[in-house]
Structure formats: structure tokens, C-alpha cells
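The values are calculated or read from the model by the stated rules, or taken from the named source; none is laboratory data. Computed from a predicted model, the values in this text were never measured in an experiment. Cβ coordinates were reconstructed from backbone atoms using ideal geometry, including for glycine residues, and neighbour counts include every protein chain displayed.
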Amino acid sequence: MKYGILLNKNNLNIGDDIQAYATAQFYPEVDYFIDRESMPTFKTDDGEPVAVIMNAWYMWKKWNWPPSPYIYPLFVGFHYADHQLAKQPGSPLKYEMLQGEGGAYLNAWGPIGCRDHFTEEHLKAIGVNAYFSGCITLTLPKQKKEDRGRYICVVDVDERVTERIEKQLEGTGIEVRVMTHNQERNSDRTWEVREADTIERLTEYQNAICVVTKRLHCALPCLAMEVPVLLVKDMTNDIRFDPYYSFLHWVRPKDFLAGKCDYDFANPPENKPDYKPYREDIIRRCKEFVAAVADDERPVDEASKYKATEEEVLKWRIGATANAIEIWKETLSKEARKYSDLQKEKWQLMKQTGDYKKEYSLIRRIKHKYYNKIDATYKNLLPDYDAEWAKVDEQLGPAPESDGIEKLRWEDMRDRMMCTRLMDFSGRNFRQLRDFRRANKKLRKEAKEK
């Protein structure tokens with residue numbers, strides 16, 4: 001059997017590539033690079049299954065589930081969160097796609113190794129056989145030791161934290177290298193380029209005196225490579241970090257800035273050993289998985305543990321996405337109403353601040369224009385669903401004339417494309433509502449001061 005890795009090809013965070021690199025270390029070679037958001041349509045060149053260690057965040061496009069039958073999976077480091085709890089823009093969907101055939105798929109390939117307790121608990125709650133495995137990045141090997149000078153790496157932490165660290169290290173001869181995991185989106189970057197960048201970044205961490213970060217996929221690789229690491233993060237608001245706070249030396253930013261941290265950056269303590277049993281278990285499972293499929297030449301239908309037919313999967317997903325679209329319509333209407341309420345609140349707050357309070361005639365003129373603008377904005381936040389379907393149909397092409405598997409594939413793709421368009425609307429609305437709330441909060445403060 002051949003081997004594949006999952007890639008988030010249009011990622012902003014080198015942490016995704018670090019996970020892919022950690023996966024690739026277990027394979028004798030990498031034959032396929034699979035887009036995490038396009039798993040249902042993946043197909044191998046020769047029609048045979050491909051073994052894939054499935055460590056990833058599933059998914060931005062939750063309707064792209066279950067994966068293709070050509071993927072022969074080992075699930076470790078599985079993270080799944082609805083976007084509301086993750087405080088991210090996207091779909092209103094929660095766990096609908098992991099029930100029905102979506103859940104049957106997971107149980108066929110279970111137990112599912114989860115990256116965090118949040119995912120483990122929620123999968124168990126919907127009947128999926130799950131356990132906490134930890135993240136694949138805990139298996140990373142040490143990188144090459146080099147003489148790169150005396151330095152520490154400070155990665156994506158609050159500027160005030162960085163300044164305090166720099167002040168503490170004044171006169172020690174230790175350089176503070178300020179770094180980020182953010183990078184430009186570029187889906188055309190080859191794996192060779194991604195891999196080289198990943199190795200360089202990990203080597204930089206490996207040769208540091210210590211690393212200070214808020215990033216999960218900076219902290220966990222440092223644990224794996226036995227590089228002293230301090231996590232500076234408020235752990236209460238990120239579900240992805242449970243239980244890693246018990247694996248790491250960590251401090252909340254406010255406590256660090258208040259001087260309530262005795263971490264010695266020049267002579268840092270060793271990392272806690274709590275992660276090591278999970279590291280050893282993932283390594284064992286991945287090695288056994290790769291060894292088991294090395295000489296496996298079974299065709300897809302024989303190798304797959306999930307026995308639903310393509311027709312059954314398509315009919316289920318068409319029903320699930322049709323329901324999702326109805327949920328979305330309701331969600332987008334709620335978002336538009338919230339936006340209108342915020343517009344009205346803004347107007348009331350404007351009357352309590354600045355010159356508007358004194359100029360009644362001006363208020364009346366502005367009010368007329370303003371409420372017209374509210375109505376227009378409300379309509380703008382809602383898609384023209386007929387027009388959106390027309391755009392999808394234009395892109396997809398006409399439906400097959402006869403019923404059958406090709407017609408089902410067309411309907412399935414059509415619904416999933418529509419979900420992607422609605423995700424863009426919802427993401428835009430999320431950002432506008434967030435910005436409006438912030439602006440009104442500022443106005444409320446000004447009105448209170450008046």
C-alpha cells in the first residue's frame with residue numbers, strides 16, 4: 001500500500017506543516033498529498049487504497065465528510081470543534097456530519113485517537129468510540145544540533161511579555177529572537193519547500209536555550225525535542241489545550257506581567273515528563289500501522305472497514321447538507337437581525353455623544369437616512385439564494401439527465417458547493433458583527449463619560 005499525508009494547502013500557520021512533517025517521518029516515502037478540505041473526492045492514480053495517518057483539525061468545511069474510500073486511515077490526533085465554541089467564523093454546524101453515516105465511518109475505523117479531551121468527550125457523547133491520544137507532533141525526533149549562538153525564541157506572544165523578557169536578559173549576552181508561526185497563504189507551495197521551511201524552524205527551536213510561546217504546535221514540538229519551553233497563555237479559553245496545561249510549564253500573561261513567574265530563561269528547568277507515555281503510544285501505533293499495510297495489496301472494497309456503498313453515502317450526505325442549508329438560512333437571518341439591532345443601538349448612542357446631542361434638526365435628517373441604511377444593510381447581509389444557486393449551477397454545469405450514481409454525485413457536489421458559499425457569507429457577517437460590537441462598546445463608554 002502507498003502512503004499519504006494530509007495538508008492544509010492554503011494555511012496561514014506553519015503549525016499545519018509541522019504536523020504533516022511529523023506524520024511523514026513514519027513513512028518510507030510519501031506518495032500522495034491530500035487536501036484536508038477535499039477528502040471525499042480524493043482518488044488514487046491506480047485505484048488502490050492509500051494509508052494515511054489522520055492527525056488534523058477537522059474541518060473548516062464540515063460537509064466534506066466522510067473521507068473517500070481510497071483513504072485507509074489511522075485516526076490519532078483527531079480534533080473536531082464547532083466554530084462557535086472555537087470562536088471562529090464559519091458554519092453554524094456542530095456535530096451533524098459526525099452522526100448517521102458520518103459516525104458509522106468513525107466507528108468502523110475506531111477507536112478514534114483524539115488530540116484533546118474536548119474532542120474525546122464530544123465524540124463519546126454522540127456514540128463514537130474515542131480515547132485521548134495526544135498530538136502527532138509529540139512524536140517529533142530531535143533536530144540537528146548546531147552552534148547558532150546563545151538565544152531564546154519568543155513565538156507569537158504579547159509584545160509586553162517580549163519586552164519584559166528582553167529586560168530580564170539585559171547584560172546576559174542572550175539574544176531574544178522574536179518569531180511568528182504566521183505565513184502568507186500560498187496553496188502552490190510544494191511539499192519540498194514546506195518541508196525545508198519546517199525543518200529550519202524546528203532546528204531553530206532545537207538549538208535555542210529555551211522557547212516561549214502561546215502556540216500549541218510550537219510548544220508540543222519543543223516537548224518532543226526536549227527543548228525547554230514556557231507557555232504564556234490564558235488556558236481557560238482554548239479547548240485545544242486540554243490537557244496540555246498539565247504537560248507544560250505555563251503562566252497566564254497577566255501573571256507574567258505582574259512578576260508572578262520565576263521561570264529562568266538563562267537556565268531554564270527541564271520540561272515535565274507527563275507527555276512521554278502518550279508520545280510512546282502514538283509512535284507505537286503509527287509504526288504498527290505502517291508495518292501492517294506495507295505488503296497489503298487488497299483492493300479498496302476488501303481493505304475498507306467501512307462497508308457503506310457510495311450510493312448510501314451520497315444519499316445520506318445530500319440529506320445532511322440539505323438540512324444544513326436550512327439551518328444556515330435561519331442563522332444568516334439571525335445575524336442580519338443582530339446587525340440591525342446594533343445599528344439602532346449605535347444611533348441611540350450617537351445621540352448621547354458629540355454634536356448630535358445639540359443639533360435636533362440634524363438628528364432628524366440623519367435619522368431618516370440612517371434607518372434607510374439599516375434596511376439596506378439588513379438585505380445585504382442575506383444572500384439572494386436563487387442567485388447563489390444559479391452561480392453554483394453555472395460553475396458545476398448541467399445535471400445528468402438520467403437518475404443514477406452520476407446524478408447523485410452532481411447533487412452532492414452542488415449542495416457542498418452551496419455550503420461553501422454560505423460559509424463565506426457567514427464568515428463575513430461574523431467579522432462585521434464583531435467589529436460593530438467593538439465600536440458600540442467604545443461608544444457606550446463615551447456616552448457614560450458624558
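Taken across the stretch 175-188, residues that are small (Gly, Ala, Ser) and modelled with pLDDT of 95 or more do not occur at all. Of the residues screened, residue 103 is not one that is closer than 18 Å to residue 289 by Cβ, without any contact (Cβ under 8 Å) to a residue 40 or more places away in the chain and either in contact with a Cys (Cβ under 6 Å, 6 or more places away or on another chain) or outside the structural domain of residue 191 (by TED's automatic domain parsing) (or both).
Of the helices (runs of 4 or more DSSP H) entirely within the stretch 139-250, those holding at least 3 residues that are surrounded by fewer than 18 Cβ atoms within 10 Å (Cβ to Cβ) occupy 159-168, 191-206. The number of residues in the stretch 104-138 that are in a helix (DSSP H, G or I), touching an Asp or Glu at 6+ places or on another chain (Cβ under 9 Å) and surrounded by fewer than 19 Cβ atoms within 10 Å (Cβ to Cβ) comes to 1.
All of 258, 292 fail the test of being under 30 Å from residue 174 (Cβ atoms), free of Cβ contacts under 8 Å to residues at least 12 places away in the same chain and among the hydrophobic types (A, V, I, L, M, F, W, C), apart from 258.
Hey, can you tell me all the residues within the stretch 304-336 that are within 30 Å of residue 47 (Cβ to Cβ) and β-branched (Val, Ile, Thr)? Of everything in the stretch 304-336, those that are within 30 Å of residue 47 (Cβ to Cβ) and β-branched (Val, Ile, Thr) turn out to be 309, 313, 318, 321.
Taken together, 48, 37, 29 contain a single residue that is farther than 15 Å from residue 189 by Cα, surrounded by fewer than 15 Cβ atoms within 10 Å (Cβ to Cβ) and in contact (Cβ under 8 Å) with a residue 24 or more places away in the chain, which is 29. Assess whether residue 278 counts as being modelled with pLDDT under 95 and touching a Leu at 6+ places or on another chain (Cβ under 9 Å). Judged against the criteria, residue 278 is not a match. Can you spot a residue in the stretch 303-315 that is outside the structural domain of residue 168 (by TED's automatic domain parsing), in contact with a Lys or Arg (Cβ under 8 Å, 6 or more places away or on another chain) and surrounded by 17 or more Cβ atoms within 10 Å (Cβ to Cβ)? Checked the stretch 303-315: at least one residue is outside the structural domain of residue 168 (by TED's automatic domain parsing), in contact with a Lys or Arg (Cβ under 8 Å, 6 or more places away or on another chain) and surrounded by 17 or more Cβ atoms within 10 Å (Cβ to Cβ).
Screening the stretch 344-399 for residues that are in a loop (DSSP other than H, G, I, E, B) and within 30 Å of residue 444 (Cβ to Cβ) and picking the one that is modelled with the highest pLDDT gives 382.
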